[in-house]
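What follows is a short report on a single structure.
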Amino acid sequence: MFITVGLRLGVERYYQYFTQFGLLNKTGVDLPGEAGTIMHKMEDMKAVELATVSFGQSFQITPIQLAATACAIVNGGNRVTPHLAVMTADRDGTEIEKFSYPVTEHIVSEETSATMRMILEQVVENGTGHNGYVEGAKVGGKTATSQTLPRGSGRYIASFVGFAPADNPQVLALAIIHNPQGVYYGGQVAAPVVRQLFENILPYLEEMDYN
């Protein structure tokens, strides 16, 4: 299905969306040494490359890039520059300086973002991400399982990105398992890690009245 969608979009439009989502640039996170995306040049992308890229292989993005993009897709379409600090304060907790970071608005529409939240909640409730479900909470997410090069080596990367509450996202977590042994599907080995995180995080969100 994804190959069909990719081929229907074509190389130019696919690159347009990669650019629109910010995937061809670094995130700008306030840490040194951030790596950039590794992607085919547009002129080198033929039908085979487009097909493999369309289902998530033969290009590389960093985990922070994936998390930032996923956040933008579910938060209403605003791509926030990831960061580690929001302000400086003195010993008594009095604010000294509040930091601001660039935001790229409308990488997707509000309507598209709402649709994605609904679909990704169903992935957890009824689909491959059910191991990310947290009792009494609304969680959305997406599983992934990819082969590492060389193909046929039997080595995989399993991952799961989850967010909550699904109808008003406040927190997102990404678990990546390199070369899992035995079972290697993201929904089986990575989703439970995110579930455990949310089981500890979500009670604090409820106390802070974010939910």
Cα-based helix-to-principal-axis angle, 63-74 vs the chain, degrees rounded to 10
80 degrees
Given Cα pairs under 8 Å that are at least 6 residues apart, what percent is the relative contact order of the chain?
14 percent
Please go through region 68-143 and write out the GluC sites (Glu not before Pro) that DSSP classes as loop and that have at most 11 other C-beta atoms within 10 Å.
E105, E135
Work out the count of Lys pairs in the chain where the Cα-Cα distance is under 28 Å, with the pair 8 or more places apart or on different chains.
6
Magnitude of the Cβ-charge dipole (Lys and Arg +1, Asp and Glu -1) of the chain about the Cα centre, nearest 20 debye, reported as 1040 debye
Using only Cα atoms, tell me the angle between helix 191-207 and the longest principal axis of the chain; keep it within 0 to 90° and round to the nearest 10.
30 degrees
If I compute solvent accessible area with a 1.4 Å probe over the protein chains, what percent of it on the chain is carbon and sulfur?
55 percent
GNM on the chain, Cα springs under 10 Å; top mean-square fluctuation among A68, A89, A114 goes to A89
Mean accessible area per residue over region 60-162 (1.4 angstrom probe, all protein chains present, square angstrom) is 59 Å²
Site E12, offset 7 angstrom along Cα→Cβ, radius 13 Å on amide nitrogen, limited to region 36-55, gives 43
Where trypsin sites (Lys or Arg not before Pro) in DSSP loops with at most 12 other Cβ within 10 Å are excluded, longest remaining stretch of the chain:
152-211
Loop-resident chymotrypsin sites (Phe, Trp or Tyr not before Pro) in region 74-159 with no more than 11 other Cβ atoms inside 10 Å, DSSP not H/G/I/E/B, are F99
Principal-axis tilt of helix 2-20 within the chain, Cα atoms, nearest 10 degrees:
50 degrees
Expressed in angstrom and ordered largest first, the alpha-carbon extents of the chain along the principal axes are 59, 35, 34
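The values are calculated or read from the model by the stated rules, or taken from the named source; none is laboratory data. Worth saying up front: this structure is predicted, and the values here are computed from it rather than measured. Cβ: placed from backbone, ideal geometry, glycine included. Neighbour counts: every protein chain shown. We work out accessible area using only protein heavy atoms, side chains counted, and drop any ligands, DNA or RNA first. Shrake-Rupley method; radii C 1.70, N 1.55, O 1.52, S 1.80 Å.
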